[in-house]
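Working notes for the structure below.
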Amino acid sequence: MATPFTFEIVTPDKMLFSAENVTYVGFRSLSGGLGIKAKHLPIIATLDIAPMKLEFTDGTAKSFAVCGGFLEMKDNKCTVLATIAEADTDIDTARANAAKERAEHRLQSQSNDIDHARAERALKRALTRLRAASKA
């Protein structure tokens, strides 16, 4: 059995998730994809907009849609300070699909009034939410 460690996700408005029985965290930082297991060397990473996968001692898994923030692993505790985060089971897929379609429509528009960088971030957030929800 894999060695567990403590994990928590905190957003600006609440403690989103906490567990003592996590065995693996997979995530994407701005430098690329990373994975963490128990007793990992201390690390601080800037998080990209991407799904985050957790695996537990009982063999189950859970995903989160994480939209920026930081991850720190220190003393066998992994803390995520997320700008925005949602658990896979809390994601409204209809709303995420609507946001995806709006962002795609904005990106296809030829109007000069469209902030394309903002639309690209909105699309990336919507796709992240949909990927995390599909893993539930």
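Checked against (1) farther than 15 Å from P51 by Cα; (2) open to solvent by 30 Å² or more (accessible area, probe 1.4 Å), A119 meets all criteria but (2). Per the conditions (1) touching a residue at least 12 places away in the same chain (Cβ under 8 Å); (2) under 22 Å from S31 (Cα atoms); (3) exposed (fewer than 14 other Cβ atoms within 10 Å of the Cβ), the sole criterion not satisfied by F70 is (3). Report, by residue number, each residue of the stretch 26-45 that is open to solvent by 50 Å² or more (accessible area, probe 1.4 Å) and touching a Gly at 6+ places or on another chain (Cβ under 8 Å). G33, L34, listed by residue number.
Remark: A82 matches the filter, which requires a residue to be under 18 Å from A126 (Cα atoms) and not aromatic (F, W, Y). Within the stretch 4-25, restricting attention to residues that are buried (at least 17 other Cβ atoms within 10 Å of the Cβ), among the aliphatic types (A, V, I, L, M) and within 10 Å of A82 (Cα to Cα), the residue that is nearest to the chain's Cα centre (by Cα) is I9. Residue count for the stretch 73-91 satisfying the condition of being under 9 Å from the mean Cα position of the chain (by Cα) and crowded, with 21+ Cβ neighbours inside 10 Å: 3. Against the definition (more than 20 Å from T11 (Cα to Cα), aromatic (F, W, Y) and open to solvent by less than 80 Å² (accessible area, probe 1.4 Å)), how does F56 come out, yes or no? Answer is yes for this residue.
The values are calculated or read from the model by the stated rules, or taken from the named source; none is laboratory data. Since this is a predicted model, take the numbers as computed values, not measurements. Note that each Cβ is placed from the backbone with ideal geometry, even for glycine, and that neighbours are counted across all protein chains shown. All accessible areas refer to the heavy atoms of the entire protein, side chains included, with ligands and DNA or RNA removed. Shrake-Rupley method; radii C 1.70, N 1.55, O 1.52, S 1.80 Å.
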